[in-house]
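First up is the structure itself, then whatever we jot down about it.
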Amino acid sequence: MTTDLYQETDKTRTRRARSDPSASDSATAASRTSRANSAAKPVVTLKEHIVEIVSDSGEGAQRCGQSFGAIAARIGNGIWTVEIIPAEIQPPARSIAGTSGNRVRLASHRVTNGGDEADLVVAFNEQVLLNRLRAGEIKHNGIILLENKWQNDGNAAIAASYAQVREQVSSAGYRLYEIPMEEECLKYVPDPRRGKNMFALGMLCCIYSFDLDLAREQVRFVFRKKDEKVIDLNLELLAAGHAWAGANLDLKFAIPAERPREPQVVMNGNTALALGVVASGMEVCSMYPITPATSASHYLSDIFEKVGCVVHQAEDEIAACTFAVGASYAGKCAVTITSGPGLSLKQEGIGLAVMGEIPLVVVDVQRGGPSTGQPTKAEQGDLLAACFGGHGDAPKVVIAASSIEDCFYSIIMARKIAENFNMVVVVLSDASLATAQQPFPRPRFNEDWLAPPINQSPVPDGARPYDWDPRTGLSSRFIPGQPNGMHCLTGLAHDRDSHVAYDPDVNQEGIRHRSLKLAALQKTLKAPTLYGDDEGDLLLVGWGSTRGAIEEAVDTLRAEGLRASSMNLKFLQPMATGIKELLERFDKVMTIESNWCDSLDDELIAEDNRRYSSLALLLRARHLIDVDCWGDARGQPLKPGDIVRAARRKLEQR
Amino acid sequence: MTVPLTQCLLRLIDENYTLTDYQSDIAPRWCTGCGDNGILTAVQRLCRDEQLPPEKTVVVSGIGCSSRFPHYMNAYGFHGLHGRALPVAEGIKLRRPDLHVFVATGDGDCCSIGAAHWIHAIRYNMDMTVLLHDNEVYGLTKMQASPTSPRGLKSNTTPRGALLDPLNPLTVTLGVPNVSFVAQAVDWIPDVLFNIISQAYHHKGLSFVRVLQRCPEFMDHRFDPWVQDPSKMRLLVHADGIQLKPDISRIYRNQETHDPSDLHRAREVASLTGEIPVGVLYRNSAVPCYEDLREGERPNTPGLIRTVLNEEFDKVTIWPEDDVTTEAVE
Ligand SMILES: Cc1ncc(C[n+]2csc(CCOP(=O)(O)OP(=O)(O)O)c2C)c(N)n1
Ligand code: SF4
Ligand SMILES: [Mg+2]
């Protein structure tokens, strides 16, 4: 990827915004303005653009990006935002690893993923720009708006570094605009580290032809908790950026938008998870902080008490899980929210809930693993741990959210299944959904989403705590407080009376019934619908967050005349009936996952030792079908373009 | 459902719970002479004396010989994971303050694998009675040293003798902020054991009772010097602690009047070597309970959930009627 940067091209396309600090008198400024405006700046109408704003952390690129996305969404553009997050809280300034910011993909249509390379990047210094270049995140001829204050930096090394990157970028064919952001902001604030982001927002609003009043409203909203002075200052900076871009940049885009006919809400996946918890009627969330799951609990902590419920921060994940198990046992189904390392610690508690048939919702916002792995990066590495992670045979339900909206509804569904089947339901999300924002139709609250009040009526004489239905494995649940229902729930193998099993057949019976419940649930599931034609040459199968990128790839492939379709699995355990028949309608089947799989190109790797991606492994084992896999564990949300290339390669294989 | 309901109502009117109402249909399977038997009897006696409805009583345990406890109680029992009795009990109590929660845990269960939860449970101070069955050994797994095993104990994992000094559950508990009730009992003075458990039950907050428990199977004769010589037992008496019946007082003459509000002295007493202190070491009824601090002011009715959800959605909604357009471009 970095090669792009260093490729020599003959045309140098640098367009320096002509703002030589020495010539900033009003006359030149005025002439510049008129030049830019009067030349009837050509407005380029686009279907979509990907914009990135990056800075050192603390300089507000994130806020700028989020606001930009929010304004676009309000206009009616489809948007998807992706956070660019450094691993540390206060990484050193001007460092490549410390890059913080946001990607906003905006389009005239609905957007389901972060897309491929960025079309336009605003960078507050050349180091954060390098981060994006090295990651291959900027299009070949992409537009770069770079803060130019570093060119005259007192520190010669910085000035030199700036000059070097400027030359490399220009010669590699990027369209570089050097912007005197600092200088312009200094007219309003003594320290542009605070405020430059609003100047940048103003520029972007101008470039993308956004209504400035709407931007003002957004800024007021963002700073609503601050006092008037702060708001006014930011509004001034916004307007300044807008005016400056209008006067000095030959960039003017319009991305036609259609206002939504239904009310839409814009939020990220973790907020959607938290709201789902409220909407599901669960009353207790116990958790231990872990990236990237924590923000769901932060948000929930803010609002949960308003409905009389509790977020309990336990001393560790083992306690978080067993606390939830206790709360579920004596009340309504509880939820515990975590990420990979926490899931590992919770496994014994999950097994207890399985054994005791206590409903429980476990949310795993996956990150890169194993061990501490990549805390802020996306990976779908926990599927097998979710299905089979604990010791022994512990059947549980595993579902995955495939969009922001789905994060909300998945929790409601999980709570229902957990309580109807007295089972553990694991909901898988991941870092790419956690912080991504997307509009979706505003949910209309439905009382059916809620858990009924707990049963406190006397248990009928003769009823037994595990009165397993021989066909479905289902039994009732006696809740403390119910007269006549006293029994000792135990993690030991037990019989229908919850008495410890000493007889080998009793253990076999218990396992059988707990296992049957999965089948009973499976019978209620419908086969997933395919995206694209019902048959063809290649079926791409994915699960969870990759749905949008995969479907976009399918669109591209089909536009090229290739016979490709895709399938997204929400239920990973149990899997719906009919999947095998769908797989068989395609010549080739390949999973697309954000996790590792061995490559047959590696010398030592062959069919008999290849480690498959998680879903591929599950599908192969269940359906005896030759399912190939393509995986990427770099930690970035999958890109439609990469999927297209992988699919083409697969189609070309004989 | 109708039959038991009427039966229950009848029971409410004319029945008193008796001891057998708290005994499950499973006979205890502890070894003969195991101190756990006495602890079980004391708790059943308490339930009877307090007339606790069995359906409102929950006994939570971890794993170990002692953690078999809930199987032998006619109540709601929860025999969960090794070391995790306390967080389970906390989860139960949080949403169900109406339930009477007891925790039975062993020295391995509480002070080793569950040590983190123990410290934090003291801090949460939820209203429950925690009984530490301290036999100074791992019983169920057949004699390994526990954190409370005396130095030099020859066990299956310390064949040449345990190398480390034992952890003192009393001093540790007394060192945790928010501690609100600490007592020590021994299984071989049943009357005082009962008395202390009763004090613990009546304390609002987490009451931590360490019970020195004889394990004839693996620690035979371990407590003989104290069982045989009552003068080596120091009984802590106080108007705000326990008072001794005359017959007990006559046998156990080594008594100290100890005010349970005196934390400093409690720590000194807890650190005694040679003598075993028995009684209420510390009590502070002013420490708030976590479940009270977290109690929601409003019930989560469907109406409230709808309102709050809508409030949250409002903050992030784009309404179709919003009059927003892109700037006119020509
Ligand atoms: C996670 C886990 N580790 C280890 C064990 C094995 N185990 C069961 S009970 C026990 C120790 C019990 O000792 P203690 O808590 O003192 O109870 P006692 O049997 O002495 O009453 C151990 C190590 C287990 N059940 N679970
Ligand atoms: S081994 Fe010890 S603790 Fe376990 S039941 Fe026997 S005597 Fe009691
Ligand atoms: Mg023990």
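The values are calculated or read from the model by the stated rules, or taken from the named source; none is laboratory data. Values in this document were obtained by computation on a predicted structure and should not be read as measured data. Note: ideal-geometry Cβ built from the backbone for every residue, glycine included; neighbour counts use all protein chains shown. The protein model used for the area step is the full one, side chains on, heavy atoms only, and it has no ligands, DNA or RNA in it. Shrake-Rupley method; radii C 1.70, N 1.55, O 1.52, S 1.80 Å.
Values computed for the structure shown
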{"item": "Test for residue A:54: is it part of a strand (DSSP E or B), away from chain B (no Cβ under 14 Å), modelled with pLDDT of 60 or more and in contact with a strand residue (DSSP E or B) (Cβ under 6 Å, 6 or more places away or on another chain)", "result": "yes"}
{"item": "Given (1) more than 10 Å from chain A (Cβ to nearest Cβ); (2) open to solvent by less than 10 Å² (accessible area, probe 1.4 Å); (3) away from ligand 2 (no atom under 16 Å from the Cβ), number of the condition residue B:109 does not satisfy", "result": "(3)"}
{"item": "Matching residues in the stretch B:93-116 - criterion: being away from ligand 1 (no atom under 16 Å from the Cβ) and in a loop (DSSP other than H, G, I, E, B)", "result": "B:96, B:97, B:98, B:99"}
{"item": "Verdict on residue A:189 being assigned to a loop (DSSP other than H, G, I, E, B) and more than 21 Å from residue A:71 (Cβ to Cβ)", "result": "yes"}
{"item": "Test result for residue B:168, within 14 Å of chain A (Cβ to nearest Cβ) and either open to solvent by 30 Å² or more (accessible area, probe 1.4 Å) or within 16 Å of ligand 1 (Cβ to nearest atom) (or both)", "result": "no"}
{"item": "Condition check for residue A:73: modelled with pLDDT under 90 and either over 14 Å from residue A:103 (Cβ atoms) or of a type in the set (Ser, Thr, Tyr) (or both)", "result": "no"}
{"item": "Residue that is most open to solvent (accessible area, probe 1.4 Å) [pool: residues in the stretch B:14-37 that are small (Gly, Ala, Ser) and within 11 Å of ligand 2 (Cβ to nearest atom)]", "result": "B:33"}
{"item": "Close pairs from the stretch A:133-151: first not assigned by TED's automatic domain parsing to the domain that holds residue A:638, partner among the β-branched types (Val, Ile, Thr) and open to solvent by 10 Å² or more (accessible area, probe 1.4 Å), Cβ under 6 Å, at least 6 apart", "result": "A:134/A:2; A:150/A:158"}
{"item": "Pairs where the first residue, in the stretch B:203-221, is free of Cβ contacts under 8 Å to residues at least 60 places away in the same chain and the second is within 15 Å of ligand 3 (Cβ to nearest atom) and not in a strand (DSSP E or B), C-beta under 7 Å, 6+ apart", "result": "none"}
{"item": "Residues that are under 17 Å from residue A:266 (Cβ atoms) and either out of contact with any helix residue (DSSP H, G or I) (no Cβ under 9 Å at 6 or more places or on another chain) or assigned to a helix (DSSP H, G or I) (or both), drawn from the stretch A:206-219", "result": "A:214, A:215, A:217, A:218, A:219"}
{"item": "Residues of the stretch A:226-256 satisfying the condition of being touching a Ser or Thr at 6+ places or on another chain (Cβ under 6 Å) and open to solvent by 30 Å² or more (accessible area, probe 1.4 Å)", "result": "A:256"}
{"item": "Among (1) of a type in the set (A, V, I, L, M); (2) out of contact with any Gly (no Cβ under 6 Å at 6 or more places or on another chain); (3) within 11 Å of another protein chain (Cβ to nearest Cβ); (4) over 16 Å from residue B:120 (Cβ atoms) - the single one residue A:325 does not satisfy", "result": "(2)"}
{"item": "Leading residue by the ranking (most open to solvent (accessible area, probe 1.4 Å)) among those in the stretch A:173-188 that are within 24 Å of residue A:117 (Cβ to Cβ) and of a type outside the set (Gly, Ala, Ser)", "result": "A:175"}
{"item": "Test result for residue A:492, under 19 Å from residue A:418 (Cβ atoms) and open to solvent by 10 Å² or more (accessible area, probe 1.4 Å)", "result": "no"}
{"item": "Residue satisfying all of: in the stretch B:52-65; open to solvent by 10 Å² or more (accessible area, probe 1.4 Å) and within 12 Å of ligand 3 (Cβ to nearest atom); nearest to residue B:96 (Cα to Cα) among these", "result": "B:63"}
{"item": "Subset of the stretch A:160-172 (residues that are open to solvent by 20 Å² or more (accessible area, probe 1.4 Å) and hydrophobic (A, V, I, L, M, F, W, C))", "result": "A:160, A:163"}
{"item": "Some residue of the stretch B:55-65 being without any contact (Cβ under 8 Å) to a residue 40 or more places away in the chain, farther than 22 Å from residue B:107 by Cβ and more than 14 Å from ligand 2 (Cβ to nearest atom)", "result": "yes"}
{"item": "Residue tally, condition closer than 25 Å to residue A:183 by Cα and not charged (D, E, K, R), over the stretch A:221-274", "result": "21"}
{"item": "Hits in the stretch A:495-520 (condition: within 14 Å of chain B (Cβ to nearest Cβ), free of Cβ contacts under 8 Å to residues at least 12 places away in the same chain and open to solvent by 30 Å² or more (accessible area, probe 1.4 Å))", "result": "A:499, A:502"}
{"item": "Among the residues listed as B:82, B:100, the single one being away from ligand 3 (no atom under 16 Å from the Cβ), open to solvent by 10 Å² or more (accessible area, probe 1.4 Å) and in contact with a helix residue (DSSP H, G or I) (Cβ under 9 Å, 6 or more places away or on another chain)", "result": "B:100"}
{"item": "Selection count where residues are touching a Cys at 6+ places or on another chain (Cβ under 7 Å) and within 7 Å of another protein chain (Cβ to nearest Cβ), scope the stretch A:253-269", "result": "0"}
{"item": "Output for the stretch B:112-149, where each listed residue is within 12 Å of another protein chain (Cβ to nearest Cβ), within 22 Å of residue B:213 (Cα to Cα) and either within 13 Å of ligand 2 (Cβ to nearest atom) or among the basic types (Lys, Arg) (or both)", "result": "B:140"}
{"item": "Candidate set from the stretch B:175-215 (those that are closer than 22 Å to residue B:234 by Cα and among the aromatic types (Phe, Trp, Tyr)); member that is farthest from ligand 2 (Cβ to nearest atom)", "result": "B:181"}
{"item": "Residues located in the stretch A:450-487, provided they are in contact (Cβ under 8 Å) with a residue 40 or more places away in the chain, of a type in the set (A, V, I, L, M, F, W, C), open to solvent by less than 20 Å² (accessible area, probe 1.4 Å) and farther than 19 Å from residue A:334 by Cα", "result": "A:468"}
{"item": "Residue count, the stretch B:207-243 (criterion: away from ligand 1 (no atom under 16 Å from the Cβ) and either β-branched (Val, Ile, Thr) or closer than 10 Å to residue B:278 by Cβ (or both))", "result": "8"}
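Results for (1) farther than 20 Å from residue A:518 by Cβ; (2) at the interface with chain B (Cβ under 10 Å from one of its Cβ atoms); (3) under 23 Å from the mean Cα position of the chain (by Cα); (4) within 16 Å of ligand 2 (Cβ to nearest atom), shown as yes or no for each residue.
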site: A:333; (1), (2), (3), (4): no, no, no, no
site: A:339; (1), (2), (3), (4): yes, no, yes, no
site: A:342; (1), (2), (3), (4): yes, no, yes, no
site: A:349; (1), (2), (3), (4): no, yes, no, no
site: A:362; (1), (2), (3), (4): no, no, yes, no
